[in-house]
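Heads up: the structure comes next, in structure tokens.
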There are 4 protein chains.
Amino acid sequence: MSDNAAAVHPAVWAAMQAADAPQPPYDGDSLSGALDEAFSALFGRTCTALWVASGTAANCLALAAMVPPHGAALCHQDAHIEQDECGAPGFFTHGAKLLLAGGDHAKLTPESVSARLAAVGKGVHHTPVTALSITQASEAGCVYTPGEVAAIGAVAREYGLRFHMDGARFANAVAHLGCSPAAASVDGGVDALSFGFVKNGGMGAEALVFFAPDLAEETRYRRKRAGHLQSKGRYLAAQILAMLKGDLWLANARHANAAAGEIAAAAADRLIHPVEANEVFVRLNGAERAALREAGFAFYDWDATAARFVTAWNSEQEEVLALAAALRNL
Amino acid sequence: MSDNAAAVHPAVWAAMQAADAPQPPYDGDSLSGALDEAFSALFGRTCTALWVASGTAANCLALAAMVPPHGAALCHQDAHIEQDECGAPGFFTHGAKLLLAGGDHAKLTPESVSARLAAVGKGVHHTPVTALSITQASEAGCVYTPGEVAAIGAVAREYGLRFHMDGARFANAVAHLGCSPAAASVDGGVDALSFGFVKNGGMGAEALVFFAPDLAEETRYRRKRAGHLQSKGRYLAAQILAMLKGDLWLANARHANAAAGEIAAAAADRLIHPVEANEVFVRLNGAERAALREAGFAFYDWDATAARFVTAWNSEQEEVLALAAALRNL
Amino acid sequence: MSDNAAAVHPAVWAAMQAADAPQPPYDGDSLSGALDEAFSALFGRTCTALWVASGTAANCLALAAMVPPHGAALCHQDAHIEQDECGAPGFFTHGAKLLLAGGDHAKLTPESVSARLAAVGKGVHHTPVTALSITQASEAGCVYTPGEVAAIGAVAREYGLRFHMDGARFANAVAHLGCSPAAASVDGGVDALSFGFVKNGGMGAEALVFFAPDLAEETRYRRKRAGHLQSKGRYLAAQILAMLKGDLWLANARHANAAAGEIAAAAADRLIHPVEANEVFVRLNGAERAALREAGFAFYDWDATAARFVTAWNSEQEEVLALAAALRNL
Amino acid sequence: MSDNAAAVHPAVWAAMQAADAPQPPYDGDSLSGALDEAFSALFGRTCTALWVASGTAANCLALAAMVPPHGAALCHQDAHIEQDECGAPGFFTHGAKLLLAGGDHAKLTPESVSARLAAVGKGVHHTPVTALSITQASEAGCVYTPGEVAAIGAVAREYGLRFHMDGARFANAVAHLGCSPAAASVDGGVDALSFGFVKNGGMGAEALVFFAPDLAEETRYRRKRAGHLQSKGRYLAAQILAMLKGDLWLANARHANAAAGEIAAAAADRLIHPVEANEVFVRLNGAERAALREAGFAFYDWDATAARFVTAWNSEQEEVLALAAALRNL
């Protein structure tokens, strides 16, 4: 019941195996070379796209391109980069700070962002904020509408900030919104997107997509320097291209979202957050959890009062219905 | 009306000039060599003391000795290391995080510390907290009693944390408490103290005092590596020894505290924080500030509703009384 | 004609696909959990083994475990960590230095190591050397005998240094030596080995093997912090286990070495270095290179006078013989 | 017999004491504010000048302004930044490399620089060299002529490098050359100069002078972040202004150079390097050193065969003559 450990999609396997013929190492192969064009087509503008092996690497390389060591990035207090990456942003940025702001459902708001930025001191005694990062979908499984992205993007522009989007579940967000991927990101001012594939049927390849081309060039050095320029990079590029082909990324996310929707419907009165992607946060006490686990369901204890269920691109309808029934029967 | 820009005490000048005869450079001179013994005598136990030129350097070298790059230190959300050092802790620790907790008057409490520590995730996805830092006196000019220090120290020990004290105004705190310097710090479990002298009549020398000798050795390398091992270090050691001699540090702090006390008495109904050291935070609206400034008083706008007055080792009684009168007349 | 871009071995593919069933993410799966035992069996002592995606990551995590930011590691002036990793050691170690020494065929000698170490200044003005790194096989494709490893290890012990081995082509070295993997590494005092698989039939998984268990624990945090803790780590573990199974790593390396041997025999009077692994450095002028390239052979221009040919686990006998013939006919 | 431990010049003392009246802290005071103009007048062009407490801080802040973390700076293999600063450049630049080149008397040459730069690989596997640093006077006490500076500056421009000059003994170099300070530095293309005063009669203040104004702005943040923005900075500015006033820096350096010249004349057949500044490297065996030490002379053992004598702004003629006589009598 987790998307970051699910199997790899057959089309991804096939694409990887089709990449077996020797090609120049690192990102000198034809598949890696095709990424820019593929993402440019998807987003309807010129993009530079680099593969990396993890979302943490994608996020932190983006931040390092946006924030000097003596600077800061603003993010939600529940953001993955703040909570779950063992200080990786501090590593990649050489010690820049994350400034935290709030907002319901792990989503920043223009107001929470503005208020936090207004409180930052000026001058050399304070770390200048040079970037802002939001998570699409958020840590609470909630989605920024295009309008919400744009409103935050406007604040970013007002303060001269670069705008990063952690899209570990970007596919699920777009599937929920039913809009173009551009509308959910770059149209609102996003400069760099960590476009996640691993949680959505990939194996070990995420795309770091730059809409601001000036940010990409030094990132190539930083990727190498962080040990993330794999020599057989064509196998990573193959995964990503397979996910883009025929919008497999979108189909996979729709499947996962639909499964989450069924679970959510069964636990409607227990939901902590609106279910807009593939995560369902359910109020459950200890006895209820024990009962569910005894019945064979796996989930993550979010905190003392809630559990998190995550669906995947390959969640089986039978299991989903069984869980929904079990939740209804609690 | 600020202590970090006041003149240098005559005894400090005299000691510096007495140090003019050539001696081995860096900290190979007899004055630098006398610091360990001087602080050991003052604190009643074996200390290792290093001079540095600024409180930021002292604080951050202490943190670097206590926190690995992938770790974190806990401090108050208003702490100087969090708010006013341009990310210096991130620089010296190579990207470690500061975790923030609250507490009235910019003082942590055992409860706020415990609650924050309990919320830290375990495992490699989270930065392990390895140190705790408090400010004595706090950013709000308030003082931890020996009991309060010890209570926080007990939490630190419980969680296996090192304990740092930012004592930029340690002298003012001890003067307020009327206890021994050890009671205000190491007796409560403090492992390293940034003992400030610059705000108290010194010129450009603070002492980083290690009560945990294992922390000192690598710090010598880090001090050099940060460009803080000045070649004519004897002039820094001379300042510190002059401040310790005859407890000049204490006399200076008492003078400043007394002046603050007079100002506080005049603004008793406007105080935001108890006045326990040499800082007075006074509720003042814009018109009142303008009137005071027109009358020739200098102070710092803390925020929209309050001003900060800071007294110094050499605040003149006449000026203090004039300010007190002006505040009463508002 | 390069090993870092060759295809993936069928047994590795099969093992990866067999790992498709969901398991706990990161390194919580059974395959990752089997690595310690597998390497312990291979080396005949307790090992801790972590997968990472690249040799750069393996090397630099090892160095970071051995060298403080203010320290230094000694390596050959031609070493990959010095020449080809875009400063990655400086990134992972937070600025530690690489001190360089010489030696024929890109191999350090006890003498070159001792001489360089003896010249390092003492005290806080100089970066203390705390580690030594050698490459097995070397950048020149030459192999340290067990005796040579042990002699250098003895110098490391004498100076209190940790000992790292970059084994990007460790398999080729062991295949050449005909000894146990332990004899080629840990028996000579090696504390950590970057055991390469990508160049030898793997896809994107190298093993960082710690023989000194104290070095492993903090490395888990650093791996996460560097974005190298992939969520579907079981696919990396599967690659490594497949390579170890039935000593596939050794069979693959023997194949590559044999191919290199045939090329070497054909260019015996043009060799710059003894051919002991799978790299052949051949003296070739511009016209000769052009002729070979026109004939369809691919190779790397090492410098103005030499070309490097690299064989792989799947070099085809026909191609190898054709190249050998072409070299003979020059 | 060392310049980095000599007394402080009386005019410097006087200027410091004249700065005792309270002024805004950090560099908000009128003395700090006068530095730009003072150096602009001295160099005949617009300069930005920042005080720092040590040459290491000045050098490394300059390098950090010129070299990204994934980059490299080229310097002489004997340079202070490479040999004697405990890896401080790696700290301030977040891990950038120093590439080393040779040249007699610790001076780079256009040829040694060009040859080293030509050998640097291109692309993301190699650290791009973005800066070049020379020492004026060199570690061997030798001076670059204006023509030599300009020739190296031309190579820097050719390769698009920033050009830093470590001028810990810049005064001695200018005194030797008899040219303008600009001719010895910026006229040859230097972008930033660490202008040393501590070895020349100052106490604890060096000037980091930027001729390329774009480099200065971020350096203000880095200075704060490194703990080098002292709150009573006016005492540092006062030292520097006193040294500049009436060209005291030049008079002091001439005195030291003259003293070195007398010692050199007495040991003319034992000199290892030309004596062009205030350092004299003399071939002396163990017995000779012992004899000199018994006679009361202090000096530094450079290596097994040579000793280094350093004169200062206040070297007494009597002592100098005594040493000269003793050297003649060996």
Got a number for residues in segment C:188-218 being assigned to a helix (DSSP H, G or I) and either of a type in the set (Phe, Trp, Tyr) or surrounded by fewer than 24 Cβ atoms within 10 Å (Cβ to Cβ) (or both)?
6
Quickly run through segment A:271-303 and pick out the residues that are surrounded by fewer than 18 Cβ atoms within 10 Å (Cβ to Cβ) and in a helix (DSSP H, G or I).
A:GLY286, A:ALA287, A:GLU288, A:ARG289, A:ALA290, A:ALA291, A:ARG293, A:GLU294
Test D:CYS47 against the stated conditions and say whether it is in contact (Cβ under 8 Å) with a residue 24 or more places away in the chain, more than 13 Å from chain B (Cβ to nearest Cβ) and not acidic (Asp, Glu).
yes
Mind telling me which of the residues C:GLN23, C:GLN17 ends up being in a loop (DSSP other than H, G, I, E, B) and either in contact with a Pro (Cβ under 6 Å, 6 or more places away or on another chain) or not aliphatic (A, V, I, L, M) (or both)?
C:GLN23
C:HIS125 is checked against (1) of a type outside the set (Gly, Ala, Ser); (2) closer than 28 Å to A:ARG222 by Cβ; (3) facing chain D (nearest Cβ under 7 Å); (4) surrounded by fewer than 24 Cβ atoms within 10 Å (Cβ to Cβ) and fails just one. What number does that condition carry?
(2)
What tally of residues in segment B:194-214 results from selecting those that are at pLDDT below 95 and within 21 Å of the chain's Cα centre (by Cα)?
2
Filtering segment C:302-312 down to residues that are in contact with a Leu (Cβ under 9 Å, 6 or more places away or on another chain) and not aliphatic (A, V, I, L, M), which residue is nearest to C:ARG283 (Cα to Cα)?
C:THR305
Restricting attention to segment D:22-32, and to residues there that are more than 7 Å from chain B (Cβ to nearest Cβ) and more than 23 Å from D:GLY167 (Cα to Cα), which single residue is surrounded by the fewest Cβ atoms within 10 Å (Cβ to Cβ)?
D:SER30
Among the residues of segment D:248-265, is any buried (at least 23 other Cβ atoms within 10 Å of the Cβ), within 14 Å of chain B (Cβ to nearest Cβ), in contact with a Gly (Cβ under 7 Å, 6 or more places away or on another chain) and modelled with pLDDT of 95 or more?
no
Exactly one of B:GLY160, B:GLY103, B:GLY153, B:GLY87 is in contact with a Gly (Cβ under 9 Å, 6 or more places away or on another chain) and in contact (Cβ under 8 Å) with a residue 12 or more places away in the chain, and that one is B:GLY153
If a residue has to be buried (at least 19 other Cβ atoms within 10 Å of the Cβ) and assigned to a loop (DSSP other than H, G, I, E, B) to count, how many in segment B:45-67 make the cut?
4
State all residues of segment A:90-122 that are assigned to a loop (DSSP other than H, G, I, E, B) and either in contact with a helix residue (DSSP H, G or I) (Cβ under 8 Å, 6 or more places away or on another chain) or within 9 Å of chain B (Cβ to nearest Cβ) (or both); if no residue qualifies, say none.
A:THR93, A:HIS94, A:GLY95, A:ALA96, A:GLY102, A:GLY103, A:LYS107, A:LEU108, A:THR109, A:GLY121
Does segment C:304-330 hold any residues that are of a type in the set (Val, Ile, Thr) and surrounded by fewer than 20 Cβ atoms within 10 Å (Cβ to Cβ), and which are they?
C:THR305
Among the residues of segment D:189-216, the number that are within 14 Å of chain B (Cβ to nearest Cβ) and in contact with a Lys or Arg (Cβ under 7 Å, 6 or more places away or on another chain) is 5
Could you tell me which numbered condition D:LYS122 fails, if it satisfies all but one of (1) within 15 Å of D:ASP191 (Cα to Cα); (2) at pLDDT below 95; (3) of a type outside the set (Ser, Thr, Tyr)?
(1)
Take D:LEU42 and tell me if it is surrounded by fewer than 22 Cβ atoms within 10 Å (Cβ to Cβ), more than 7 Å from every other protein chain (Cβ to nearest Cβ) and part of a helix (DSSP H, G or I).
yes
Please verify whether segment D:51-61 includes one or more residues that are away from every other protein chain (no Cβ under 11 Å) and either of a type in the set (Gly, Ala, Ser) or over 20 Å from D:ASP3 (Cβ atoms) (or both).
no
Any residue at all in segment A:138-158 that's within 14 Å of chain D (Cβ to nearest Cβ) and either part of a strand (DSSP E or B) or within 20 Å of A:PHE211 (Cβ to Cβ) (or both)?
no
Being facing another protein chain (nearest Cβ under 9 Å) and surrounded by 23 or more Cβ atoms within 10 Å (Cβ to Cβ) is the filter here; which residues of segment B:73-88 pass it?
B:GLU85, B:CYS86, B:GLY87, B:ALA88
All-but-one check, A:ALA14 against (1) of a type in the set (A, V, I, L, M, F, W, C); (2) in contact (Cβ under 8 Å) with a residue 40 or more places away in the chain; (3) surrounded by 22 or more Cβ atoms within 10 Å (Cβ to Cβ), failing number (3)
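The values are calculated or read from the model by the stated rules, or taken from the named source; none is laboratory data. Quantities reported herein were computed from a predicted structural model and do not represent experimental measurements. Cβ coordinates were reconstructed from backbone atoms using ideal geometry, including for glycine residues, and neighbour counts include every protein chain displayed.
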